[in-house]
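Nothing in this text is a laboratory measurement; each read-out follows from the coordinates by a stated rule. Just so it is clear, the model here is predicted, and its values are computed rather than measured. Here the Cβ is made from the backbone with ideal geometry for all residues, glycine too, and neighbour counts use every protein chain on show.
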Amino acid sequence: MSGILPRLMGLIRINNGLNSEGKPQFLTPFSWFYEHICKPILPSQPNIGSLLYALCFIGMMWFFAWLLNNKKIYIRV
């Protein structure tokens, strides 16, 4: 899931205004979450925003695993 979900979310494009050349700039939902939620928490220290993003992503993966386990859905590779 950690490989498939970012690829699927990469197909969704969120408009983020115009870049310096006047062309539209797009973000994926994950990059939007990082840019607008995680990064502004401590703008002077981008490492903290990156850590928060990683912890949120891991928490989301654990939540999906918990849901699948409760419904007795097991995926074999």
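I need to check one value: relative contact order of the chain, counting alpha carbon pairs closer than 8 Å and at least 6 residues apart, in percent.
Once divided by the residue count of the chain, the mean separation gives 19 percent.
Sort Ser2, Ser31, Ser20, Ser50 so that the residue with the fewest other Cβ atoms within 10 Å of its own Cβ comes first and the one with the most comes last.
Fewest to most other Cβ atoms nearby, the residues stand as Ser20, Ser2, Ser50, Ser31.
Per the Cauchy relation, a quarter of the hull surface: what is the mean projected area of the convex hull of the alpha carbons in the chain, in nm²?
Approximately 6.8 nm², given one-decimal rounding.
Kindly write out, for the range 4-20 in residue order, the coupling ³J(HN,Hα) from the Karplus curve 6.51 cos²θ - 1.76 cosθ + 1.60 (θ = phi - 60°), rounded to whole Hz, with x marking Gly and Pro.
My calculation for the range 4-20 gives 6, 4, x, 5, 5, 5, x, 6, 8, 10, 10, 5, 10, x, 10, 7, 5 Hz in order.
Compute the acute angle (0 to 90°) between the alpha-carbon long axis of helix 46-70 and the principal axis of greatest extent of the alpha-carbon atoms of the chain; round to the nearest 10°.
30
Amide H neighbours of Phe26 under 5 Å, counting only residues 5+ apart in sequence or on other chains, H built in-plane at 1.01 Å?
Asn16
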